[in-house]
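Structure first, commentary second.
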């Protein structure tokens with residue numbers, strides 16, 4: 001069974017701090033290592049758990065640099081949080097989003113040209129620029145399906 005990108009869903013974004021010792025940077029590096037090691041890439045949902053089903057998009061935002069776009073392949077309860085996330089005390093009630101490998105990297109000028117925020121602070125949904133962002137991404141990414149069985153991403 002596969003998961004298709006649903007461009008009608010709002011994208012969840014999270015900023016990755018440039019400082020190598022920051023919590024977001026350390027967590028991001030941990031996830032990149034997990035991905036390289038063949039483990040599941042995952043991140044917390046935004047406050048209030050706005051992601052109800054798989055198929056939406058998620059982005060790691062490197063403010064003033066670039067944005068890495070992934071598909072949400074599964075939404076799990078907070079029981080699936082990693083032990084290394086335990087110090088994020090204020091986020092223990094957030095769902096865990098399983099993510100596909102990176103589908104697309106959007107440069108910063110492209111991000112801004114779509115009306116997206118100049119600075120992302122905290123994990124949140126993109127609402128104001130949703131339509132222009134999804135139109136642009138559907139052009140660049142197209143129809144994509146993620147196979148839960150194999151972990152592969154297929155373009156159609």
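Just so you know, all these numbers are worked out from the coordinates, no wet-lab data involved. Keep in mind it's a predicted model, so treat the numbers as computed, not measured. Neighbour counts are summed over all protein chains in view; Cβ atoms, including those assigned to glycine, are modelled from backbone coordinates with ideal geometry.
Quick notes
- Applying the criterion of being out of contact with any strand residue (DSSP E or B) (no Cβ under 7 Å at 6 or more places or on another chain) and part of a loop (DSSP other than H, G, I, E, B) to the residues of the range 98-121, the residue that is surrounded by the most Cβ atoms within 10 Å (Cβ to Cβ) is 116.
- Of the residues 140, 70, the single one that is part of a helix (DSSP H, G or I), within 13 Å of residue 5 (Cβ to Cβ) and touching a strand residue (DSSP E or B) at 6+ places or on another chain (Cβ under 6 Å) is 140.
- Screening residue 150 against (1) part of a loop (DSSP other than H, G, I, E, B); (2) over 15 Å from the mean Cα position of the chain (by Cα); (3) surrounded by 12 or more Cβ atoms within 10 Å (Cβ to Cβ) leaves a single unmet condition, (3).
- From 8, 51, 14, 73, residue being closer than 25 Å to residue 119 by Cα, within 13 Å of the chain's Cα centre (by Cα) and in contact (Cβ under 8 Å) with a residue 60 or more places away in the chain: 14
- The set of residues in the range 28-48 that are over 13 Å from the mean Cα position of the chain (by Cα) and either buried (at least 18 other Cβ atoms within 10 Å of the Cβ) or at positive phi (or both) comprises 38, 48.
- Within the range 49-67, the set of residues being surrounded by fewer than 19 Cβ atoms within 10 Å (Cβ to Cβ) and within 23 Å of residue 151 (Cα to Cα) comprises 52, 53.
- Criterion (within 19 Å of residue 31 (Cα to Cα), over 17 Å from the mean Cα position of the chain (by Cα) and free of Cβ contacts under 8 Å to residues at least 24 places away in the same chain) met by exactly one of 92, 139, 84: 92
- Matching residues, the range 8-48, being assigned to a loop (DSSP other than H, G, I, E, B) and in contact with a strand residue (DSSP E or B) (Cβ under 8 Å, 6 or more places away or on another chain): 9, 10, 11, 16, 18, 40, 45, 46, 47
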